[in-house]
1. What's the number of the condition A:T558 fails, among (1) within 12 Å of chain B (Cβ to nearest Cβ); (2) not aliphatic (A, V, I, L, M); (3) not in a helix (DSSP H, G or I)?
2. Whether any residue in the range A:675-693 is more than 29 Å from B:G480 (Cβ to Cβ), in the same structural domain as A:M549 (by TED's automatic domain parsing), part of a helix (DSSP H, G or I) and of a type in the set (G, A, S) is what I want to check.
3. If a residue has to be closer than 17 Å to B:L611 by Cβ, away from chain A (no Cβ under 14 Å) and touching a residue at least 60 places away in the same chain (Cβ under 8 Å) to count, how many in the range B:638-694 make the cut?
4. Quick test for you: out of A:L608, A:L550, A:L617, pick the one residue that is in contact with a strand residue (DSSP E or B) (Cβ under 9 Å, 6 or more places away or on another chain), in a loop (DSSP other than H, G, I, E, B) and assigned by TED's automatic domain parsing to the domain that holds A:E681.
5. Of the residues B:G418, B:G371, B:G414, B:G366, which single one is among the small types (G, A, S), without any contact (Cβ under 8 Å) to a residue 24 or more places away in the chain and either within 14 Å of chain A (Cβ to nearest Cβ) or in contact with a Gly (Cβ under 9 Å, 6 or more places away or on another chain) (or both)?
6. Every residue in the range A:76-111 that is among the acidic types (D, E) and out of contact with any Phe, Trp or Tyr (no Cβ under 8 Å at 6 or more places or on another chain), please.
7. Of all residues in the range A:160-190, which are within 12 Å of A:A209 (Cβ to Cβ), in a helix (DSSP H, G or I) and either away from every other protein chain (no Cβ under 14 Å) or of a type in the set (A, V, I, L, M) (or both)?
8. Go through the range A:611-637 and count every residue that is within 13 Å of chain B (Cβ to nearest Cβ) and either in contact with a helix residue (DSSP H, G or I) (Cβ under 6 Å, 6 or more places away or on another chain) or surrounded by 22 or more Cβ atoms within 10 Å (Cβ to Cβ) (or both).
There are 2 protein chains.
Amino acid sequence: MRAREALSCAMDKGVTLLPEDEGKSLMAEYGISVPHGRRVSNLAEAERAAVEIGYPLVLKALVPGLAHKSESRAVLLNIADLRGLRSAIADMSRRFPEVPFLVEEMATEGAELIAGLVDDPQLGPCLMIGTGGIFTEVFEDAVFLLLPATRADIVAALPRLRGYRLLSGFRGSPPVDKKRLVDALEGLAKFGVDAAGYYDAVDINPLRAAADTTVALDVKVHMKQVVTARPEGRDLNSHDFAGFFEPRSVAIVGASNTPGKPGNTVIKNLIANGYQGEIYPVNPKGGEILGYTVYRSSAELPEGVDLAVIIVPAKDSPESLRDVASRGIKHVVLSAGGFAETSDTGATIQQELLDILAQNYMRALGPNTSGNISTPSRFTSSFFPLGELRRGNVGYIAQTGNFATFTMKYILTGEYFGVSRVVGLGNKIDVDESQALAYLGADPETHAIVMYVESIKYPRKFLEVARTVTREKPVVMLKGGATAAGKQAASAHTAALAAEDRIIDGLLRQAGITRLENYSDLVLAGKVLSMCPLPDGNRVGFLAPSGAMLVALSDLCTRLGLTLPSLMEETRERIQAITPSFIRIRKPVDIWAAALSCGVKPAYADGLDALLKDPNLDAVIAIFMLTREMGMPDSFSFVSELAQQHKDKPVLISFTGDKECMDECRSALEPLGIPTFMQIEEPFRALSILHRCAQVKKRPQ
Amino acid sequence: MRAREALSCAMDKGVTLLPEDEGKSLMAEYGISVPHGRRVSNLAEAERAAVEIGYPLVLKALVPGLAHKSESRAVLLNIADLRGLRSAIADMSRRFPEVPFLVEEMATEGAELIAGLVDDPQLGPCLMIGTGGIFTEVFEDAVFLLLPATRADIVAALPRLRGYRLLSGFRGSPPVDKKRLVDALEGLAKFGVDAAGYYDAVDINPLRAAADTTVALDVKVHMKQVVTARPEGRDLNSHDFAGFFEPRSVAIVGASNTPGKPGNTVIKNLIANGYQGEIYPVNPKGGEILGYTVYRSSAELPEGVDLAVIIVPAKDSPESLRDVASRGIKHVVLSAGGFAETSDTGATIQQELLDILAQNYMRALGPNTSGNISTPSRFTSSFFPLGELRRGNVGYIAQTGNFATFTMKYILTGEYFGVSRVVGLGNKIDVDESQALAYLGADPETHAIVMYVESIKYPRKFLEVARTVTREKPVVMLKGGATAAGKQAASAHTAALAAEDRIIDGLLRQAGITRLENYSDLVLAGKVLSMCPLPDGNRVGFLAPSGAMLVALSDLCTRLGLTLPSLMEETRERIQAITPSFIRIRKPVDIWAAALSCGVKPAYADGLDALLKDPNLDAVIAIFMLTREMGMPDSFSFVSELAQQHKDKPVLISFTGDKECMDECRSALEPLGIPTFMQIEEPFRALSILHRCAQVKKRPQ
């Protein structure tokens, strides 16, 4: 490849910043237009170049390693004639002696963009697109895409620029030719892949986009000092995961007879869930634990045990791991904490574990994980007292122990939906989010995937897996550490803008993953994804018992990207028919007067039915008014019956009024598969998650 | 005043757009620098002007009514010499025959701003400040202030511009002289007040701000066709409100013997609350209602009744109002709906009510209100079955019936805090949000005020009242209809940018009111304001039982403007001392391992105490981990005891784990005055409300 050859050659010479003309000729090879120009060494050559190129001209001094030509006055614009050229060369030669020049045609007018590449220390090569000049610096108006990026990624990224309107023609200028612009960005993305490992950053600033051209007016390639390769993890093999999620037998290394100890609780959890496989407790004391015969050492375990859960202190983990390896056990859950997350000593032990795993071709979850859950197999390796788990169709992948401990306990006691699998990633020395996602993507028990991660181990592998999975199943994610100060001090604009969170944002959009904002949304999303279909669009109708709620919730819809279309006239008339005339039915529907005059249940049943039948609506939300005095409905099954008749439309419920009545309604509806929410904003936020999942599922390839 | 004279004179001539030189000379009178310039009619005059001003020059054709000079090429910049001037005059004279010219000095470099005035149809005269040029149009980077605005308002508004960084020196240019800039804006604000009623909009675009000058390069005054006066409501008299909130006797016009009817419920509510005053039911049927003798007509009521609650259909309201007026009753609550909010007929009746009120010097709440609440007087006019109300120190002003109906029911059954007064504004033909705010501002029973409004009837009066009240008491507001498409199609930039929500945002900041985003926050804010002190600053420490929660909640703090300072070393050491070494204590605090090893209660008690004693922290939040198996604390009073020892620091609690345990903790702590929240994000959002209230209380005058 020419790109690598050229960069390799420059690297050998110790070049830190590629000369502008060389950078431009590389870009030109990737189909990016650059101004017509010539490198010259003296006035005579410059004059010849001027004849060839034609005035007006630009003259640039090619000072080695100088990144900021304008600030150093190493650029002279708008040279109109030979006299101007001579004085420019004279001036520049005085200030930059012994330096070659670049003579270039003056650029045409157009929208000023900036494009670039950066090899992010965490996330690797990325493409950046931004609005240029002062916009970049003041508004930091830039989007990032992980490389390799598809043309569709680039097309979808452009409208995310806040200055996107600049491309549609501005103050009388004609609209930018977006195809050419995308061509140029695609060329840059290809260069970014081909030359990966050679550059720290590339700035095309400005990239001038006009009605008939997109031209790179300046190109700076900031070189690495040595080529940097980036590992991308081993290939995935989802049936490797059967040992974790469908084990026929499990050894508990560090089992305990003391109630409350993790090594005791893990067995109690298995019993509570009716686990059908064999259980082999291991403890040097021997004897019996909860009715199971204890093995004094892992080395004494029978052959062919599918999984070992190792619950011993960090320092003892390597020995235990060697012992289970010696019995041919290929899957382990490493529960203890105290490894790389804590200290250097811990990091050393963690590396030792990794070596043992590699030598024995073993797969491991953790260390520092509270374990995994697999309800179809009635299995969990969690050492937290969970009791019986609830089977469902949502899978969790969590770089936290919470979804096999406290938050799962909350889901079991405060919610009604169930889970298929939970993967607690821990320090992910082996199993990482990409592999877990591939497994759940292929898992027939899992219909939707909820993720919490703080880092992405192999971003390219992850993107590749997620691109596929998200076309089949909704995937939502909270990325922890999103607002961490991630910006680097860097001389390249692209690198300066490359806050980790911006890149993650681009990556998740490329991947088709719906991003969550709050920790609690991990539960909210799990619930709504497990209970509702994805809506066809963002058109919502809703019933609420208060004009103020209608107003405030309409504002919320606008913020969430949900629309409130006009109702069909027959829908409106039907609801108006049950409503006293002093309330006029509009979109959304003020239902309180109807409920007062016809009764709460008939009014809501009629209203819901009317909205569900309205072809203008993709989803329906009702805010119930519930008090004993107004008349609590004797049953809420009409809601699920109506939802059953419209299986393609999400139906979500919230309430206002008497807290006890609200709780009653919740506990009546949720077991019927209707999601309810204690705060009136929540069904709207939940619906917007569903809508975003539906959108990405349908996105262009 | 010169401004009004000049504008009045122009208005008489039917001028729609003031000639640029006249606009500029008006601005100059208000202390705003403008370029040195001369109006000329021909080349000879232009040449004389050029000698006086000096080259380079600008030539503008003063075409009457032409707003967009640049687009019409009615401006020629950078005229370098006499030759240039002659050719410019020749060119312009050909294209704009018979038109005078403005010859001006060329402007210096600087940051390009836009400033303006608009007379908003709803909100009246406003000042606009924005970043100029393409920023205005693409990013709509503008802030608004209601006029009259103080110098402090202007100083506080500038940093809200997203392009504020442009003023601090940019790409090598020196910083803008902000004092001069504020001087100019203050001058414009003064003009905006003096000339109110004469202009639709004023654009100063660009306003060029530099290190030594701020110059208005172009001034467009868009005239009204006739002077428009703006009424500002009658003066407030807060003891006028005693009739509503401390009535010694109340007539219920439209009382009913039928349980469930509003005219029955209102009396039941009074009985349930132990109202000590006289109750006079009125109903043509006579007899007795709930033990009270019924009057057949309002005209038969005794003299000196303090308040009449009129619960009759809209069409019958005027007659009832006349009857109670005839008995000398000076305060009425007009409960029925069906007035201006519904139909033209309703609007006519509403006007009739207003006339009767005015003729009889009466005060009214409503119509279309569910009534008011006054717990210190054990009084409510609500016709919604509320039962006994809970006394507290939070006052609600609501342009919705919800806070005397469903949402109050929720507060009574699902929350633990109480209210002082609730004012349901309804259609506010008389009592409006300004008067209600003045009343609650002076009310010793009310320590914090929560508002929901959809419109502000007299914005200037409201601003005046709120500026004072917010220095004494926290005031928070949700403005309904915030995202409504409020933009006008207008030729003035300022008018085009004047979305109602932007003006409201400026007004609330001037007023010192903390803005809420969600309807549910009206309850959240009421609770936290009633239970917590305002913190000294935004420095928060928190305990949570999960690393992932620490990460996600730290992200949330950043988004909310809360900071997580480093703990004092002794704080850190104290908590580390109870924590196993595989967890390293940082800010915030990961408490789960300490809780596992020392017990939940001791760990949290120690942790809370340590954080509360840390002088680096202004507030403390704890996320409790609660399950039976881990050991539920036998009591949570340690939390309120610790909070009592640190009365200046808000203490807020949330939880994770077993829902039943969470509910138990909530019902233990809230009666002790410690606010608890079911979702872990809520205490942070609540604290940010407290923090914003504290900030505005301390704002410069």
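The values are calculated or read from the model by the stated rules, or taken from the named source; none is laboratory data. Just so it is clear, the structure is predicted and the values come from calculations on it, not from any experiment. Virtual Cβ from ideal backbone geometry, glycine too; neighbours counted across all protein chains shown.
1. Unmet for A:T558, out of (1) within 12 Å of chain B (Cβ to nearest Cβ); (2) not aliphatic (A, V, I, L, M); (3) not in a helix (DSSP H, G or I): (3).
2. no
3. 11
4. Numbers: A:L608 fails: in a loop (DSSP other than H, G, I, E, B); A:L550 fails: in a loop (DSSP other than H, G, I, E, B).
Exactly one of A:L608, A:L550, A:L617 is in contact with a strand residue (DSSP E or B) (Cβ under 9 Å, 6 or more places away or on another chain), in a loop (DSSP other than H, G, I, E, B) and assigned by TED's automatic domain parsing to the domain that holds A:E681, namely A:L617.
5. Matching residue, one of B:G418, B:G371, B:G414, B:G366: B:G414.
6. Applying the first criterion (among the acidic types (D, E)) to the range A:76-111 yields A:81, A:91, A:98, A:104-105, A:109.
Answer for the range A:76-111, where residues must be among the acidic types (D, E) and out of contact with any Phe, Trp or Tyr (no Cβ under 8 Å at 6 or more places or on another chain): A:D91, A:E98, A:E104, A:E105, A:E109.
7. Within the range A:160-190, A:L166, A:L167, A:K178, A:K179, A:R180, A:L181, A:V182, A:D183, A:A184, A:L185 qualify.
8. Quick first cut of the range A:611-637, residues within 13 Å of chain B (Cβ to nearest Cβ) only: A:623-632.
With either in contact with a helix residue (DSSP H, G or I) (Cβ under 6 Å, 6 or more places away or on another chain) or surrounded by 22 or more Cβ atoms within 10 Å (Cβ to Cβ) (or both) added as a condition, the list becomes A:623-627, A:630-632.
Residues in the range A:611-637 being within 13 Å of chain B (Cβ to nearest Cβ) and either in contact with a helix residue (DSSP H, G or I) (Cβ under 6 Å, 6 or more places away or on another chain) or surrounded by 22 or more Cβ atoms within 10 Å (Cβ to Cβ) (or both): 8 in total.
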